[in-house]
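To start, the structure under review is shown below, and the notes come after it.
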Amino acid sequence: MAEPLLEARGISKSFGAVQALKGVAAAFGTGEVVAVMGENGAGKSTLMKCLAGVHQPDEGEIFWKGQSVKIGSVNRASELGIAFIHQELNLADNLTVAGNIFLGREKRKCGFWLDNKAMQEGAEKVLAELQVPIRPETRVSDLSIGRQQIVEIAKALSQDAQFIIMDEPTSSLSHGETEALFALMKRLRDGGKTIVFISHRLAEVREISDRVIV
């Protein structure tokens with residue numbers, strides 16, 4: 001591997017008397033799909049949450065593009081280009097696809113009025129890049145779980161995410177939805193994005209992953 005896009009060195013994290021991580025090291029290159037595997041309670045999600053600013057490690061260091069960084073919040077992770085798509089999707093069912101993609105970053109006219117046209121155009125652009133037939137004006141509650149996953153990915157890409165973590169993304173998907181998600185992950189990888197894929201399903205890991213970290 002060339003210089004990693006993101007590297008973790010000596011990461012430790014405890015929650016009270018429970019030590020979730022102890023001296024963990026991992027490196028992720030540009031343009032690859034890396035599966036992270038382990039038993040329940042092994043610390044997979046905790047490590048990813050440390051990388052994505054959800055948790056702060058007790059010890060250790062994180063390097064982004066070769067530079068030591070402190071990822072003190074989810075917003076800081078987003079600024080760097082790191083996105084975490086949780087197993088329980090973080091979407092507002094009552095909003096449209098465009099409304100979710102720009103949730104918290106709404107485009108406005110005159111600094112006050114919502115610019116729905118600009119948000120719809122922005123959503124159309126990122127959805128076209130993903131090559132998925134989802135309309136920006138569709139209400140999220142009308143989408144299947146598989147399509148909602150894609151909206152989460154579109155939201156991450158609209159923030160210029162380069163490093164996308166997916167926590168058990170296929171757990172609620174049908175076979176067809178899983179195949180569509182994997183095709184999208186491969187296109188993102190081929191476009192230079194790094195995808196980290198937490199899974200327990202060995203067949204899926206063999207199909208989609210370039211490397212596996214256990």
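Which of the pairs K49/K155; K13/K186; K117/K186 have their Cα atoms more than 20 Å apart in this structure? Beyond 20 Å between Cα atoms: K13/K186; K117/K186.
Starting from segment 57-91, pick out the GluC sites (Glu not before Pro) whose DSSP state is loop and whose Cβ has at most 16 other Cβ atoms within 10 Å.
On the way: sites: E59, E61, E79, E88; in loops: E88.
Those that pass, being in a loop and sparsely packed, are E88.
Taking every alpha-carbon pair under 8 Å whose residues sit at least 6 apart, segment 70-199 reaches a relative contact order of 32 percent. Considering only S14, S45, S73, the Gaussian network model of the chain with Cα springs below 10 Å gives its largest mean-square fluctuation to S14.
What order, most packed first, do the peptides 165-171, 145-151, 46-52 have when packing is the mean number of other Cβ atoms within 10 Å of each residue?
Details: 165-171: 21.7, 145-151: 19.7, 46-52: 23.3.
Listed from highest to lowest mean packing, they are 46-52, 165-171, 145-151.
Computed over the chain, the per-residue total of -39500 (n - 2.57) for DSSP H runs of n ≥ 4 gives a 222 nm mean residue ellipticity of -10000 deg cm²/dmol, rounded to 500.
Hey, can you find the accessible area per residue of the chain for me, probe 1.4 Å, expressed in square angstrom? All intermediate terms of the calculation are to be shown ahead of the outcome.
Working: 10640 Å² over 214 residues.
Ligands and nucleic acids excluded, the result is 50 Å² per residue.
Only Cα pairs under 8 Å and 6+ residues apart enter the sum, and on that basis the relative contact order of segment 1-159 stands at 19 percent.
Listed values for segment 48-61 are Karplus-derived 3J(HN,Hα) couplings in whole Hz (6.51 cos²θ - 1.76 cosθ + 1.60, θ = phi - 60°), namely 5, 5, 5, 6, 9, x, 6, 10, 9, x, 6, 9, x, 9, and x replaces Gly and Pro. Here's how it looks for D58: its modeled amide H is under 5 Å from those of S12, K13, S14, which are all 5 or more places away or on a different chain.
First check a/c for segment 1-151, with a ≥ b ≥ c the square roots of the eigenvalues of its C-alpha gyration tensor; if it is under 1.5, answer rounded, and if not, answer prolate when a/b is larger than b/c or oblate otherwise.
On the way: a/c = 2.07, a/b = 1.92, b/c = 1.08.
Prolate, because a/c is 1.5 or more and a/b exceeds b/c.
Protein heavy-atom surface of segment 62-214, 1.4 angstrom probe: 48% of the accessible area is carbon and sulfur, with nucleic acids and ligands not counted.
Could you pull out the chymotrypsin sites (Phe, Trp or Tyr not before Pro) across segment 30-116 that fall in loop regions by DSSP (anything but H, G, I, E, B) with no more than 15 other Cβ atoms inside 10 Å?
Numbers: sites: F63, W64, F84, F102, F112, W113; in loops: F102, F112.
Answer in residue order: F112.
Would you work out if segment 71-114 is rounded, prolate or oblate? Take a ≥ b ≥ c from the square roots of the eigenvalues of the alpha-carbon gyration tensor; rounded if a/c is under 1.5, else prolate when a/b is larger than b/c, oblate otherwise.
Values: a/c = 3.21, a/b = 1.31, b/c = 2.46.
Oblate, since a/c reaches 1.5 and b/c is not below a/b.
If you place +1 on the Cβ of every Lys and Arg, -1 on the Cβ of every Asp and Glu, and leave all else neutral, what size is the dipole of the chain about its Cα centre, to the nearest 20 Debye?
Working: 25 positive and 27 negative charges, 75 e Å.
Dipole size: approximately 360 debye.
The values are calculated or read from the model by the stated rules, or taken from the named source; none is laboratory data. Because the structure is predicted, anything quoted here is derived from the model rather than measured. Because the Cβ atoms are built from the backbone with ideal geometry, glycine has one as well, and the counts that use them run over all protein chains shown. For the accessible areas, the whole protein counts, side chains as well, though only heavy atoms, and no ligand, DNA or RNA atoms are used. Shrake-Rupley method; radii C 1.70, N 1.55, O 1.52, S 1.80 Å.
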